Amino acid sequence: MMQIITAETAGFCFGVKRACEIAEKAASERGTVYTLGQLIHNNDAVETLRKHGVIPVESPEEANGCIIIRSHGAARSVYDHIAELGLVCIDATCPYVDRIHKIVDENSRDGSDTLVVGDKKHPEVVGILGFANGDIRAVNDENELNELIKSDKNFGAKSLNVVVQTTFDMCKWTDLQKIIKKHYTNVKIFDTICRATINRQEEAAALSQQCDAMIVIGGAHSSNSRKLADICAANCRTFFTENAAQLEKEHRSALISLISSYNDVKIGITAGASTPAYIIKEVHNIMSEIIKDEAVDAEFMAAIDQMPRVRAYAGNRVKATVVAVNKTEAVVDIGIKQSGYIPAEELSANPNLTPEDVVKVGDVIDCIVTKVNDADGFVYLSKKQVDAQAGMEKILKAKEENSTVKGTVTAVVKGGVIVTSEDGARVFVPASQSGVPRNGKLEDILKKEVGFKVIEVNEGRGRVVGSIKASEREATDAVKAKFWEELEVGKKFIGEVKSMESYGVFVDLGGVDGMVHLTELTWNRVKHPKEVVAIGDKLEVTVKSFDPEKKRVSLTAKKPEDNPWTKFMNEFAIDDVVKVQIVSITPFGAFAQIIPGVDGLIHISQISLERVTDVSKVLSVGQIVEAKITEIDEEKSRVSLSIKALLDGGDAADDEEEASEE
Ligand code: F3S
């Protein structure tokens, strides 16, 4: 009886699948995108992608608009060159390869040499070679390694870091490590073979040991597919093919002869990382034709259908170890053959955080399996869902204690906003509780970090209602209480002018407003506050008095050191003659400014030798006159001036006047 067993790990690996998805998405958005080299080592798949607008080019110069770095990655200089050309660069480097770039870069900064075990012509190795900061070499086998050891004694003599191509043969790698450890004394070895590759190779080895023949599907240039064929060929007859048509054309007769020579024949199928699922199915169809055996066909179909089986299932909670992190996802190991994959949006409920903000390589985290992709063998997980469960427990506690919960506004919905707590719980905040003014826009608080009070929880429906406003009110009350507690006369503030009246301005002192009267704004004489301040100005003020009961604070913006009266007393004395400017006229005389902030009174009797009955007839505002300081009342800050005293006979006239008054 014919038996066909398909390897669970056959087909697209995580990195290739991801690169294809990235390219197809970019092409659907931009129309045409270019990939630097073929995205995958499979001509059929490349042609299919071309039809979708994904065009391979050999150099960045051939691209137009947008270029995609494939899963193999590229040297640092390539990224720089793309930037120089002004192209948009979409990086689809596999996270496992990206990890090697980081290892090479970071560990060679101290001048250490780097050895890459792999094919120096393979694009992945070419890319890795472009990330070292010191000397870097590549060896592909024992001969090349021994040749390097023999020919260059200085290489790795001080210290050496070793990485390995992700798709390198596991057995060869084990052998080469022994030689490296023996020869190099100060060596750090990083086992960077991809788990998908290890699994695929181990399964191919095991399957080929129990089968009479193996069909290995892969592109002619796919090194990982070639390696699979080598592994299988060591155990049984192996047919290497790129697709179903080639299998039929080149191997049909050999397969018929093989099948006919066995009564019970077991044929295994595996495929390289670049082989799409549809090609595996086409191979199956051709195999059906070749063997013309419906029973076999059914078994083959069953084998395809069962490919691959995973032990994880949706909804299962698992522990995951982070093995790679990049800007769009985290790759995790959940202790099974399949790679675990947590997209950025499933890592955290906070849209402001990148995967690198949430986890780092080596972290062990709790996750929930969200999807098992049988076709590709990937397990998709969510950390966010686990966080949300924990978040709900904290929400209940916060309600009980009336404590404030921190979160981020993640969406604007009908009637309010959704706030996602730091622990991942989703909370509905009605517009009236959002703290946004009635005529404001809820969008203004989108992505903002906020505190909220839990006002309602419906555990059954998983519904939580919160109030940002209540939290803000509590915070404001606390600030105010502290303000009054710490307030004292003489305390200084820098406050913002919030409003203005003709008699003064109101200044926000940090939640509480104080008032600066017009006369306390400046030492100079002003008629309206707008002459010296504007709304929004920052003002340095000092507390003059306050009343906690009436919640009133009186402030002054005058600084003692600027007091013009002090200046006047230092610079002027009685009998000094000064040039003054008339600033106002009254029935009993005129006020004149001596220096800014100090005015003197020219009494009506001191204006002229003649008798003056109407001051405005002899003096006018703005007029500059000479006058003598005749009196200074320091206590009352008053100055008397006389024009008459400077006129001939002025003093005598005064004496006569005084005598007649007596
Ligand atoms: Fe990445 Fe491993 Fe595939 S390194 S591209 S997932 S074989």
(request) Need at least 1 residues that are basic (Lys, Arg) per element, so show me which strands (runs of 3 or more DSSP E) inside region 390-466 make the cut, counting only ones lying wholly within it. (result) 404-413, 426-430, 449-458
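Is one or more of the residues making up region 108-118 over 16 Å from Ala75 (Cα atoms) and in contact with a helix residue (DSSP H, G or I) (Cβ under 8 Å, 6 or more places away or on another chain)? I'd like the intermediate steps shown before the answer.
Going through region 108-118, the residues over 16 Å from Ala75 (Cα atoms) turn out to be 109-113, 117.
If we keep only those that are in contact with a helix residue (DSSP H, G or I) (Cβ under 8 Å, 6 or more places away or on another chain) as well, we get 117.
Checking region 108-118: at least one residue is over 16 Å from Ala75 (Cα atoms) and in contact with a helix residue (DSSP H, G or I) (Cβ under 8 Å, 6 or more places away or on another chain).
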(request) Restricting attention to strands (runs of 3 or more DSSP E) lying wholly within region 549-621, give those where 3 or more residues are small (Gly, Ala, Ser) and surrounded by 14 or more Cβ atoms within 10 Å (Cβ to Cβ). (result) 589-595
(message) Any residue that is at pLDDT below 90, in the same structural domain as Asp105 (by TED's automatic domain parsing), charged (D, E, K, R) and open to solvent by less than 50 Å² (accessible area, probe 1.4 Å) - is there at least one of those in region 168-189?
(response) yes
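Restricting to region 263-299, name every residue that is hydroxyl-bearing (Ser, Thr, Tyr) and modelled with pLDDT of 80 or more. First the steps, then the outcome.
Let us first name the residues in region 263-299 that are hydroxyl-bearing (Ser, Thr, Tyr), namely 270, 274-275, 278, 288.
Scanning region 263-299 gives Thr270, Ser274, Thr275.
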(request) Those residues that are part of a loop (DSSP other than H, G, I, E, B) and either open to solvent by 30 Å² or more (accessible area, probe 1.4 Å) or among the hydroxyl-bearing types (Ser, Thr, Tyr) (or both), I need them from region 205-229; list them, please. (result) Asp212, Ala220, His221, Ser222
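Which of the residues belonging to region 481-496 are part of a helix (DSSP H, G or I) and open to solvent by less than 80 Å² (accessible area, probe 1.4 Å)? Let's see the steps before the verdict.
At the first step, the residues of region 481-496 found to be part of a helix (DSSP H, G or I) are 481-486.
Within region 481-496, Ala481, Phe483, Trp484 meet the criteria.
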(request) Give region 336-370 a look and list any residue that's more than 20 Å from Cys94 (Cα to Cα) and not β-branched (Val, Ile, Thr), or say none. (result) Ser348, Ala349, Asn350, Pro351, Asn352, Leu353, Asp366, Cys367
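From the list Ala254, Ala245, Ala234, which residue is more than 16 Å from the ligand (Cβ to nearest atom) and open to solvent by less than 30 Å² (accessible area, probe 1.4 Å)?
Values: Ala245 fails: open to solvent by less than 30 Å² (accessible area, probe 1.4 Å); Ala234 fails: open to solvent by less than 30 Å² (accessible area, probe 1.4 Å).
That would be Ala254, the only listed residue that is more than 16 Å from the ligand (Cβ to nearest atom) and open to solvent by less than 30 Å² (accessible area, probe 1.4 Å).
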(message) Here are the criteria: (1) modelled with pLDDT of 80 or more; (2) over 21 Å from Ser223 (Cα atoms). Tell me which single one Gln246 does not satisfy.
(response) (2)
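Criterion first (in contact (Cβ under 8 Å) with a residue 60 or more places away in the chain, within 16 Å of the ligand (Cβ to nearest atom) and more than 23 Å from Val125 (Cα to Cα)) does Ala7 satisfy it? Break it down stepwise before answering.
Details: in contact (Cβ under 8 Å) with a residue 60 or more places away in the chain: yes; within 16 Å of the ligand (Cβ to nearest atom): yes; more than 23 Å from Val125 (Cα to Cα): yes.
Yes; evaluated as a whole, the condition is true for this residue.
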(request) Please work out if Thr408 is in contact with a Gly (Cβ under 8 Å, 6 or more places away or on another chain) and surrounded by 15 or more Cβ atoms within 10 Å (Cβ to Cβ). (result) no
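Out of Val612, Val583, I need the residue that is assigned by TED's automatic domain parsing to the domain that holds Lys636, without any contact (Cβ under 8 Å) to a residue 24 or more places away in the chain and on the phi < 0 side of the Ramachandran plot. Which one?
Numbers: Val583 fails: without any contact (Cβ under 8 Å) to a residue 24 or more places away in the chain.
Result of the check over Val612, Val583: Val612.
The values are calculated or read from the model by the stated rules, or taken from the named source; none is laboratory data. Predicted, not measured: the structure shown is a model, and the values here were computed from it. Please note: Cβ atoms are built from the backbone with ideal geometry, for glycine as well, and neighbour counts cover all protein chains shown. Heavy atoms of the whole protein, side chains included, go into the accessibility calculation; ligands, DNA and RNA do not. Shrake-Rupley method; radii C 1.70, N 1.55, O 1.52, S 1.80 Å.
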